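I have placed the structure first, in the form of structure tokens, so that the comments after it can refer back to it.
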Amino acid sequence: MAWQTAAGASLAISLTAPATFTEAGYSALTPKVVGEVTNVGEFGKEFALVTHNPLAERGTGKRKGSYNNGTLSPTMALDPSDEGQQDMETALESDQPAYFQVTLQDGTAYWLAGLVMSYRPTVGGVDDVVTAACTIEVDSTPIVKIPAA
């Protein structure tokens with residue numbers, strides 16, 4: 001697969017869980033695109049480092065421990081009338097996960113469940129766009145759908 005830019009990528013949200021946590025289940029959802037997103041952020045599995053330092057050996061042994069699927073930190077121009085942004089605020093008030101789709105320029109889609117932990121308007125200076133910053137704790141291993149060539 002060739003590299004691509006982030007231009008044309010999107011973030012969408014569904015407050016409804018998929019019937020199954022598979023590609024088919026997520027594909028059946030009709031998530032709302034979150035408008036005015038300028039950056040989605042990074043996500044994906046990261047393992048904790050476990051080390052062991054036996055006294056008789058000078059070296060440090062290293063292994064993988066638990067893993068965390070990361071945190072999405074999307075930013076967007078604040079638009080209170082945008083249905084996707086409204087769903088982000090609704091998800092913030094819920095203890096249940098929301099379901100997200102990150103779609104790339106080439107149609108590759110990543111589906112994941114996550115807890116919206118923050119949704120904060122940011123008012124900067126006179127020449128700044130009013131934005132919203134969001135924190136989504138990813139609570140599932142992302143499922144990837146790569147479009148057929």
> What list of ³J(HN,Hα) couplings, whole Hz, do you get for segment 108-113 from phi and the Karplus terms 6.51, -1.76, 1.60, once you set θ to phi - 60° and write x for glycine and proline?
Replying inline: 4, 10, 10, 10, 7, 9
>> Within 9 Å, Cβ to Cβ, of Thr51, how many net charges do the neighbouring residues add up to if Lys/Arg are +1 and Asp/Glu are -1?
In response: +2
>> What are the ³J(HN,Hα) couplings of segment 131-140, residue after residue, when phi is run through the Karplus curve with 6.51, -1.76, 1.60 and θ = phi - 60°? Round to Hz, x for glycine and proline.
In response: 10, 10, 10, 9, 10, 10, 7, 6, 10, 8
> Once amide H atoms are placed 1.01 Å from N in the peptide plane, what residues at a sequence separation of 5 or more from Ser140, or on another chain, have their amide H within under 5 Å of its amide H?
Replying inline: Ala113
> At a Förster distance of 41 Å, what's the computed FRET efficiency of His52 paired with Val144, Cβ-Cβ distance as r, to 0.05?
Replying inline: 0.75
> Looking at the square roots a ≥ b ≥ c of the eigenvalues of the Cα gyration tensor of segment 78-149, which shape do they give, rounded for a/c under 1.5, prolate if a/b is larger than b/c, or oblate?
Replying inline: oblate
> How high is the relative contact order of segment 1-145, given as a whole-number percent (alpha carbon pairs under 8 Å, six or more residues apart)?
Replying inline: 27
> If r is the Cβ-Cβ distance from Val123 to Trp3 and R0 is 35 Å, what FRET efficiency results, to the nearest 0.05?
Replying inline: 0.45
> Taking the mean number of other Cβ atoms within 10 Å as a proxy for protection, how do you rank 76-88, 52-64 from highest to lowest?
Replying inline: 76-88, 52-64
> In degrees, nearest 10, range 0 to 90: what is the angle between the Cα axis of helix 83-92 and the longest Cα principal axis of the chain?
Replying inline: 50
> Extension gain Lys62-Leu15, at 0.36 nm per residue separation less the Cα-Cα distance, in nm?
Replying inline: 12.9 nm
> From the phi of every residue in segment 62-79, what ³J(HN,Hα) in whole Hz does the Karplus formula 6.51 cos²θ - 1.76 cosθ + 1.60 yield, where θ is phi - 60° and glycine or proline is x?
Replying inline: 10, 9, 7, x, 5, 10, 10, 7, x, 9, 7, 10, x, 10, 7, 6, 5, 9
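Values in this text are rule-based calculations from the coordinates and carry no lab data. Quantities reported herein were computed from a predicted structural model and do not represent experimental measurements. Note that we place each Cβ from the backbone using ideal geometry, even for glycine, and neighbour counts take in every protein chain shown.
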